[in-house]
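Structure first, then comments.
The values are calculated or read from the model by the stated rules, or taken from the named source; none is laboratory data. In this text, all values refer to a predicted model and were calculated from it rather than measured experimentally. Glycine also receives a Cβ, built like all others from the backbone with ideal geometry; neighbour counts cover every protein chain displayed. Keep in mind that these areas ignore ligands, DNA and RNA; they rest on the heavy atoms of the full protein, side chains included. Shrake-Rupley method; radii C 1.70, N 1.55, O 1.52, S 1.80 Å.
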Amino acid sequence: MSEALELGVNIDHIANIRQARFTAYPDLLAAVTQVEAAGAHAITMHLREDRRHVQDADIYAVRQHMTTRLNFEMAATPEMVKIALDVQPEDVCVVPEKREELTTEGGLDVIGQFQRIQTVTQQLGQAGIQVSLFVEPDIEHIRRVVELGAPVVELHTGTYANKRGAEQQRELERIQQAAAFAHEQGIKVNAGHGLDYENTPVIAAIPQMRELNIGHAMVARAVFVGMHAATREMLALMRSARA
Ligand code: PXP
């Protein structure tokens, strides 16, 4: 049996529902309680530059309330570094961000933006935060993550999630090769984006994989069964994929 695989639950979409009407509900803290009680290992939140879902106060409130790890997703900007240093999450996942996108599209440009990402990685690393860089499942990108000194890589699974048939199989192979390469280089391998109850098992079965960060599909499932059951179901299928 391979090493343990952890689940980080991204709660951005619960904030999305709340911000659609600027109500006080659904309560993010109640969601965190359910997700943690169901056995999730981390809470993931993305504070976007435009604050379209998670708000600054949410990060602080969740930080106070939670009992697991906080995985704070952020763009490589001075504003976000300042917030991260203040909040002190256990983990930061640095992601690319464009105002006009629906959700994070593609991985970080670790080649073109090397200097900027290096500065952020060092600032956070020096504060004792474990930095993960969100990149395409591509060997050249992973080499750069290693050069940047980040201890963790999060492989972007969005293309895999959107493809079907032979194309999806090819994308899965890219992720498998990227995970093996990153592991050989001595960095922790996470993955996320677009993972759901159908396409997660083969990703969970990749032996080098240590953590999956999943949001949209779980919040969608929770509409019918609640966050506790949605989390239990995802954890159960991750466990059976590893058995
Ligand atoms: N990982 C990263 C780096 C992300 O940006 C996102 C989306 O915010 C996720 C995981 C979760 O993606 P999804 O909501 O599609 O499960």
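Between the beta carbons of Val225 and Ala180, assuming R0 = 41 Å, the FRET efficiency works out to 0.70 to the nearest 0.05.
Candidate membrane-span-like segments in the chain, meaning DSSP H helices with Cα atoms spread over at least 20 Å of their own axis and a Kyte-Doolittle mean of -0.5 or above, are 216-242, with no membrane implied.
When Rg and Dmax are taken over the Cα atoms of the stretch 1-140, they come to 15.2, 46 Å. Temperature 4 °C, viscosity 1.567 mPa s: under these conditions the Stokes-Einstein estimate for the chain, based on its Kirkwood radius over C-alpha pairs, is 72 µm² per second. The calculated FRET efficiency for Phe22 paired with Lys82, based on their beta-carbon distance and R0 = 30 Å, is about 0.70.
Springs join every pair of Cα atoms under 10 Å in this Gaussian network model of the chain, and among Met209, Met66, Met218 the largest mean-square fluctuation is at Met66.
A helix-only calculation puts the chain at -15000 deg cm²/dmol for mean residue ellipticity at 222 nm, using -39500 (n - 2.57) for each DSSP H run of at least four residues, averaged over all residues. The solvent-accessible area of Asp27, taken with every protein chain present and a 1.4 Å probe, is close to 80 Å².
Computed from point charges on the beta carbon alone (+1 for Lys and Arg, -1 for Asp and Glu), the dipole magnitude for the chain about its Cα centre is near 320 Debye. Multiplying the residue separation of Asp50 and Thr119 by 0.36 nm and subtracting their alpha-carbon distance yields 22.6 nm. Using a Gaussian network model of the chain in which every pair of alpha carbons under 10 angstrom is joined by a spring, one finds that among Thr33, Thr23, Thr119 the greatest mean-square fluctuation is at Thr23. Placing a pseudo-label 7 Å from each Cα along the Cα-to-Cβ vector at Glu90 and Glu140 gives an inter-label distance of 3.5 nm.
Let me know the shape class of the stretch 92-193, please: from the alpha-carbon gyration tensor, a ≥ b ≥ c as square roots of the eigenvalues, rounded when a/c is under 1.5, otherwise prolate if a/b is greater than b/c, or oblate. Note, shape of the stretch 92-193 comes out oblate.
Using only side-chain charges placed at the Cβ, +1 for Lys and Arg and -1 for Asp and Glu, the dipole size of the stretch 127-243 relative to its Cα centre rounds to 300 debye. Relative contact order, whole percent, for the chain stands at 21, derived from Cα pairs under 8 Å and 6 or more residues apart. For the stretch 176-243, what class follows from the C-alpha gyration tensor (a ≥ b ≥ c being the square roots of its eigenvalues): rounded when a/c is under 1.5, otherwise prolate if a/b is larger than b/c, else oblate? Because a/c hits 1.5 or more and a/b exceeds b/c, the stretch 176-243 counts as prolate.
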